[in-house]
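Read the figures in this text as sums done on the coordinates, not as results from a lab. Just so you know, these numbers come straight off a predicted model, no measurement behind them. Don't worry about glycine lacking a Cβ; one is built from the backbone with ideal geometry, like all the others, and counts go over all protein chains shown.
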Amino acid sequence: MRQDIDLLASYWTLATGAVPHTDHDYSTASFEQRVAAAARAGFKGFGIWHADLAHTLERLGLRDMRRILDDHGMLHIELEFLADWWFKDGERKLASDARKHLLLEAAEMLGARHIKVGDFLNTPCPMPRLIESFAALCHEARDYGTSILFELMPFAQINTLAGALELVTSADAPNGGIVLDLWHVVKLGIAYADAARIPARYLGAVEINDGTLTAPWDLVTDTTSHRRLCGEGEFDVRGFVTTMLDAGYSGAWGIEVLNAQMRSWSPEKLAERAAVTTRAQFP
């Protein structure tokens, strides 16, 4: 493996016991245990989900969390997930603002490089409002020393590469960009060559994983319960990695695997298996 490749353990990969899109989307394993497991496996980055952040803050302060991350050599901190940031008023706006402030304050204290944002509900919204709201969010995030990355996925109101690029280029924020997840690249049918043409300024993060090209269940279930570790599915993971490296991507590589069976694994087993299988994809 190339020595200049840093791996980031995205939240869901090590989230023992957490179930996506439920009221138990925080991990049953402690923050300390998961960070230590990631470090032992060689990860240099760590992801934190908003609900797990709130759960952890019930017994640890942000300074405690920062000390744990620093003590374990975590250089790349990722926070997620913010939705409904385009609403102008109403209950969804109030809930989104509360989560936004939680994530921004955590980003400042933990030194997070970015916060992932997007949409899971294909919520209709005119592109001009999305652009305006994304630009405003990026402007606010600058005061906290972090970036805002839009995650392109089939469930968002923007579900094409062209649309995501229109969002970030029109907002034209120096700390605004796209997070590119191989899962969504494959499921949306985006050619690797097209992904590689994203201007470096706007490509804020890349995540990899594996899976099947077709499935007997719906796409939501496929996405949240049937992802696989790199090299254990049908995706051309090595081809994607090589394409993005050749295009000049030099940031950390997130590994994001949401798998129902793996939720019973210990953080130590998850981290070790994720690290070994992911490293095998690099030249």
If you take the residues of region 202-230 that are in contact with a strand residue (DSSP E or B) (Cβ under 8 Å, 6 or more places away or on another chain) and over 21 Å from Gly45 (Cα atoms), which of them is surrounded by the fewest Cβ atoms within 10 Å (Cβ to Cβ)? Trp217
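Please indicate, with yes or no, whether at least one residue in region 12-24 is part of a helix (DSSP H, G or I) and among the small types (Gly, Ala, Ser). Break it down stepwise before answering.
Within region 12-24, the first condition is being part of a helix (DSSP H, G or I), and the residues that meet it are 12-13.
Then drop every residue that is not among the small types (Gly, Ala, Ser), which leaves none.
There is no residue in region 12-24 that is part of a helix (DSSP H, G or I) and among the small types (Gly, Ala, Ser).
Can you list the helices (runs of 4 or more DSSP H) lying wholly within region 144-226 that have 2 or more residues being under 22 Å from Asp25 (Cα atoms) and in contact (Cβ under 8 Å) with a residue 40 or more places away in the chain?
Here the list reads 219-225.
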Filtering region 111-130 down to residues that are under 16 Å from Leu167 (Cα atoms) and either part of a loop (DSSP other than H, G, I, E, B) or out of contact with any strand residue (DSSP E or B) (no Cβ under 8 Å at 6 or more places or on another chain) (or both) yields Gly118, Asp119, Asn122, Thr123, Pro124, Cys125, Pro126, Met127, Pro128, Arg129, Leu130
Among (1) in contact with a strand residue (DSSP E or B) (Cβ under 7 Å, 6 or more places away or on another chain); (2) farther than 15 Å from Lys269 by Cα; (3) of a type in the set (Phe, Trp, Tyr), Phe43 falls short only on (2)
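Yes or no, residue by residue, for (1) outside any helix (DSSP H, G or I); (2) free of Cβ contacts under 8 Å to residues at least 12 places away in the same chain; (3) out of contact with any Asp or Glu (no Cβ under 7 Å at 6 or more places or on another chain); (4) closer than 14 Å to Ala112 by Cβ:
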| residue | (1), (2), (3), (4) |
| --- | --- |
| Phe43 | yes, no, yes, no |
| Phe46 | yes, no, yes, yes |
| Ala51 | no, no, no, no |
| His55 | no, no, yes, no |
| Glu58 | yes, yes, yes, no |
| Trp86 | yes, no, yes, no |
